[in-house]
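Just below is one structure, and these are the notes that go with it.
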Amino acid sequence: MRKIAFLALLLFVSTGVLLFADASMIGTTANNYLKILPPAKAAALGEAYVATGDDINSIFYNPAGLGKSMLGDVSFTHIEWFQQFRYESLALLLPFEFGNMAFSLNYMSMPSMNKTVIDPSNLDGYDTIGSISPYAFSGIISYATEFSDNFFIGANLKILDYAIDPSNAVNGSAITGMLDLGLVYDVSMLPGFDIGLVFKNVGLETKFLTEGFMQPISAKLGLGYTNNFLNFEADAEYVTDNDINFGIGGGFTIFDILSLRAGWKGGTINQFTAGAGILVSGFELDYAYVPYTTDDLGMTHRITASYKFGSPEVRLRMYPAVFSPNNDKFLDFTFAIPKLMAKGKVRKAWLTVYGANNMPVKSMIPVTNWSKIYWNGYNDFKQVCPDGNYRAVLTVDYGNGIKSTSLPAVVALDNTPPTITGDANPKIIKPGALTTLVVPVNFSEYAQDLHGIGAWKLIIGTMDGKVFKTYSGQGEPVPVTWDGSDDTGLNSVSTKTTYTYTFFAMDSVGNWGRSRTQQVKVLPREIVITLAADTLFDIGKADVKISVYKDLQKYADQIKAMDKPRVIVEGHTDNVPVSGRGKYPTNQALSQARAEAVSKFFVELFEMNPKIFTSVGKGDSVPIATNDTPEGRKQNRRVTLRISASTYE
């Protein structure tokens with residue numbers, strides 16, 4: 001949106017500038033030879049080249065167009081002007097990653113003329129004292145880049161040496177510097193259309209002797225259209241010392257070799273222009289015919305020879321760099337992400353994937369959408385390729401013999417799951433019997449994969465295939481300690497019962513592997529049961545609710561089944577002071593009372609031995625969650641049963 005607003009502002013400014021052209025200023029500016037633009041190609045188009053220019057010729061019309069050039073370019077132009085004026089121009093364009101740079105040297109020579117002084121005594125009114133050979137020389141340094149998508153900016157720095165009398169080193173010449181600033185926008189909503197705007201010859205005045213002359217500052221706006229064989233443009237130009245000038249031109253190309261061009265210029269001088277060009281293997285020869293029939297000045301001829309070299313840079317990376325085409329809908333594809341110039345000029349492009357021995361496994365995947373170039377891991381025979389490293393290469397054809405190939409982008413195909421082992425301790429091993437694990441159990445999982453581990457899982461199950469306890473995590477496996485509880489936290493293992501455990505791991509591209517399932521018996525050394533205090537008690541009180549009778553009976557039956565059990569009952573609170581909320585002065589006192597109440601509940605209602613119970617109040621000293629939130633404080637308000645036995649079977 002900001003780009004559109006910026007363009008609208010520029011168009012408004014340039015339109016306003018055009019309204020104030022003033023022909024009465026003719027002859028008041030210096031360095032007017034700058035209005036002679038060397039390249040033959042653009043001259044044949046009526047000098048309408050501000051918007052569609054995209055090659056080395058843009059140095060003289062709109063430096064922003066240099067940013068659209070994809071190749072290196074060198075050119076030489078010779079102009080046969082009327083009255084034996086001659087103009088030579090040498091230009092070089094070099095594309096770089098940071099933008100395009102161009103350089104130009106230009107020289108205009110004029111025929112020798114007499115040098116005279118006023119002499120009233122002479123019948124002619126002057127005396128001839130010698131001759132002068134005026135010339136004009138300029139050097140240009142240009143820079144252009146794609147500022148944002150389809151938006152190009154550029155600038156010229158010009159240094160001029162304009163000599164009227166080269167023999168007079170003091171007052172016969174003047175050196176001046178000036179700038180050109182331009183922009184081009186490729187209209188994305190209208191493919192092929194371009195808008196260009198350039199401000200030229202902006203600089204300080206040129207002085208001869210004591211008199212200064214302003215530069216021939218101009219602003220030129222253009223709208224054009226181009227495709228692979230046709231181009232058309234219309235321009236309007238404001239110059240500070242003349243009428244508004246207009247230019248219109250177009251051309252077409254036959255078989256990418258022969259170009260025919262014509263144009264018309266109006267305003268200061270009305271004239272027809274024409275020309276042609278031949279392009280063969282990067283070499284181009286252009287000719288322009290521009291007559292000046294007004295005042296019978298004569299005909300002008302331009303010839304430009306140029307050569308384009310190099311190839312447009314194409315970069316490619318594959319994302320993800322490792323993928324797994326196993327149809328699990330996770331990283332089943334790898335996408336080609338290209339970076340290249342002038343996507344709108346690409347005639348065709350394709351992706352080729354190479355395997356071992358530089359042999360193609362997937363040939364010429366056509367590019368129809370730049371945002372959706374992908375490889376699914378299949379070869380030309382519609383079979384999944386084996387695991388390994390592959391190289392993807394993008395080839396781009398711009399036409400006119402311009403073709404570029406990216407450097408190979410390496411991508412790995414991986415359908416092999418990780419290798420997994422694991423162990424559990426402590427354990428009791430007896431010959432001819434199942435291994436017995438003693439709770440709490442420490443599980444250690446080990447997983448290896450060429451491309452890293454993405455996730456892991458440990459599943460403890462029952463013999464009927466049900467999941468009893470699950471541990472999982474991201475990244476490399478970490479040791480876990482199982483306290484014998486199930487996933488709900490309400491049930492614990494049964495002594496002498498057979499369980500299974502299996503380790504799982506997923507690599508970074510979604511391939512899951514598993515270890516061999518182990519069958520074991522499980523004996524509890526200590527069972528830890530956590531009971532929510534809000535379920536057992538009312539706020540600030542230590543009387544066990546009768547509604548939890550059935551829940552506590554289940555734990556009582558489990559304890560009774562053990563040989564010589566020991567039960568430590570721990571009371572815990574949050575950190576909110578209890579002052580004013582009941583008969584307990586501190587959280588420590590409340591937690592102690594609650595631990596004793598739970599022990600008493602087991603003894604009196606389930607007729608259990610009071611000697612196996614130990615009641616401990618922890619207060620708020622052992623939080624298991626933050627006390628800064630209501631949810632965290634609720635978790636911290638709890639009663640913990642730590643159940644152990646002296647023997648296991």
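Limited to region 239-251, what total is found for residues that are open to solvent by 40 Å² or more (accessible area, probe 1.4 Å) and either in contact with a Leu (Cβ under 7 Å, 6 or more places away or on another chain) or in a strand (DSSP E or B) (or both)? Break it down into steps so the answer makes sense when it comes.
Narrowing region 239-251 to residues open to solvent by 40 Å² or more (accessible area, probe 1.4 Å): 243-244, 246, 248.
Restricting the remaining residues to those that are either in contact with a Leu (Cβ under 7 Å, 6 or more places away or on another chain) or in a strand (DSSP E or B) (or both) gives 244, 246, 248.
Looking only at that region, the number is 3.
Which numbered condition trips up Pro325, out of (1) without any contact (Cβ under 8 Å) to a residue 60 or more places away in the chain; (2) crowded, with 19+ Cβ neighbours inside 10 Å; (3) of a type outside the set (D, E, K, R)?
It fails just one condition, (1).
Among the candidates Val576, Val548, which residue alone is within 26 Å of Gly632 (Cβ to Cβ) and part of a helix (DSSP H, G or I)?
Residue meeting the stated conditions: Val548.
For Ser131, indicate whether it is open to solvent by 40 Å² or more (accessible area, probe 1.4 Å) and part of a loop (DSSP other than H, G, I, E, B). Show your work before the answer.
On the way: open to solvent by 40 Å² or more (accessible area, probe 1.4 Å): yes; part of a loop (DSSP other than H, G, I, E, B): no.
Taking the combined requirement at face value, the residue does not satisfy it.
Could you list, in sequence order, the residues of region 141-156 that are at pLDDT 95 or above and either in contact with a Cys (Cβ under 9 Å, 6 or more places away or on another chain) or open to solvent by 80 Å² or more (accessible area, probe 1.4 Å) (or both)?
Ile141, Tyr143
Which residue is least open to solvent (accessible area, probe 1.4 Å), if the candidates are limited to region 524-545 and must be β-branched (Val, Ile, Thr) and closer than 12 Å to Val639 by Cβ?
Restricting to residues being β-branched (Val, Ile, Thr) and closer than 12 Å to Val639 by Cβ, the top hit is Ile529.
Note down all Cβ pairs under 6 Å where the first residue falls in region 506-535 and is outside any strand (DSSP E or B), the second is open to solvent by less than 60 Å² (accessible area, probe 1.4 Å) and among the aromatic types (Phe, Trp, Tyr), and they're at least six residues apart or on different chains.
These pairs meet every condition: Val509/Phe323; Ser515/Phe503.
I'm trying to understand the selection: among the residues of region 91-122, which are under 28 Å from Asp186 (Cα atoms) and either in a strand (DSSP E or B) or among the small types (Gly, Ala, Ser) (or both)?
Those that are under 28 Å from Asp186 (Cα atoms) and either in a strand (DSSP E or B) or among the small types (Gly, Ala, Ser) (or both): Ala91, Leu92, Leu93, Leu94, Pro95, Phe96, Gly99, Asn100, Met101, Ala102, Phe103, Ser104.
Each row is one residue, and each column tells you yes or no for (1) among the aromatic types (Phe, Trp, Tyr); (2) in contact with a helix residue (DSSP H, G or I) (Cβ under 7 Å, 6 or more places away or on another chain); (3) loosely packed, with under 15 Cβ neighbours inside 10 Å.
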position	(1), (2), (3)
Val280	no, no, yes
Val290	no, yes, no
Thr300	no, yes, no
Arg317	no, no, no
Lys348	no, no, yes
Val353	no, no, no
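Name the residues in region 613-636 that are surrounded by 18 or more Cβ atoms within 10 Å (Cβ to Cβ) and in contact with a strand residue (DSSP E or B) (Cβ under 7 Å, 6 or more places away or on another chain), would you?
Matches in region 613-636: Phe613, Ser615, Gly617, Lys618, Asn636.
So in region 637-649, with the set limited to residues that are β-branched (Val, Ile, Thr) and buried (at least 18 other Cβ atoms within 10 Å of the Cβ), which one is nearest to Glu526 (Cα to Cα)?
Checked region 637-649; the qualifying residue nearest to Glu526 (Cα to Cα) is Ile643.
Of everything in region 69-86, what is open to solvent by 20 Å² or more (accessible area, probe 1.4 Å) and either of a type in the set (Asp, Glu) or out of contact with any strand residue (DSSP E or B) (no Cβ under 6 Å at 6 or more places or on another chain) (or both)? Give them in sequence order. Step through it out loud before you land on a result.
Our first condition is that a residue be open to solvent by 20 Å² or more (accessible area, probe 1.4 Å); within region 69-86, this holds for 70, 74, 76, 78, 80-86.
Across region 69-86, the qualifying residues are Met70, Glu80, Gln83, Gln84, Phe85.
What number of residues within region 368-424 satisfy the criterion of being part of a strand (DSSP E or B), open to solvent by less than 20 Å² (accessible area, probe 1.4 Å) and among the hydroxyl-bearing types (Ser, Thr, Tyr)?
So the answer is 4.
Just to verify a result, which residue in region 31-48, among those that are touching a Phe, Trp or Tyr at 6+ places or on another chain (Cβ under 7 Å) and open to solvent by 10 Å² or more (accessible area, probe 1.4 Å), is nearest to Lys345 (Cα to Cα)?
Looking at the filtered set, the residue picked out is Leu37.
Does region 64-87 include one or more residues that are in a helix (DSSP H, G or I) and in contact with a helix residue (DSSP H, G or I) (Cβ under 6 Å, 6 or more places away or on another chain)?
Yes - at least one qualifying residue is present in region 64-87.
Residues in region 442-456: is at least one at pLDDT below 90, in a loop (DSSP other than H, G, I, E, B) and acidic (Asp, Glu)?
The answer is no, given that none of the residues of region 442-456 is at pLDDT below 90, in a loop (DSSP other than H, G, I, E, B) and acidic (Asp, Glu).
Filter region 226-238 for residues that are surrounded by 22 or more Cβ atoms within 10 Å (Cβ to Cβ) and not in a strand (DSSP E or B) and give the result.
Passing the criteria: none in range.
Yes or no: Gln271 open to solvent by less than 40 Å² (accessible area, probe 1.4 Å) and without any contact (Cβ under 8 Å) to a residue 24 or more places away in the chain?
Details: open to solvent by less than 40 Å² (accessible area, probe 1.4 Å): yes; without any contact (Cβ under 8 Å) to a residue 24 or more places away in the chain: yes.
So Gln271 fits the description; yes.
Testing Val198 on (1) surrounded by 22 or more Cβ atoms within 10 Å (Cβ to Cβ); (2) part of a loop (DSSP other than H, G, I, E, B), one condition comes back false. Which one is that?
The number of the failed condition is (2).
Looking only at region 88-99, count how many residues are of a type outside the set (A, V, I, L, M, F, W, C) and open to solvent by less than 10 Å² (accessible area, probe 1.4 Å).
Residues in region 88-99 being of a type outside the set (A, V, I, L, M, F, W, C) and open to solvent by less than 10 Å² (accessible area, probe 1.4 Å): 2 in total.
Mind counting the residues in region 565-580 that are in contact with a helix residue (DSSP H, G or I) (Cβ under 9 Å, 6 or more places away or on another chain), surrounded by fewer than 16 Cβ atoms within 10 Å (Cβ to Cβ) and of a type outside the set (A, V, I, L, M, F, W, C)?
Counting residues in region 565-580 that are in contact with a helix residue (DSSP H, G or I) (Cβ under 9 Å, 6 or more places away or on another chain), surrounded by fewer than 16 Cβ atoms within 10 Å (Cβ to Cβ) and of a type outside the set (A, V, I, L, M, F, W, C) gives 2.
The values are calculated or read from the model by the stated rules, or taken from the named source; none is laboratory data. What you are looking at is a predicted structure, and each value in this text was computed from that prediction instead of being measured. Ideal geometry is used to build each Cβ from the backbone, glycine not excepted, and the neighbour counts take in all protein chains shown. Surface accessibility is based on the protein's heavy atoms, side chains included, excluding ligands, DNA and RNA. Shrake-Rupley method; radii C 1.70, N 1.55, O 1.52, S 1.80 Å.
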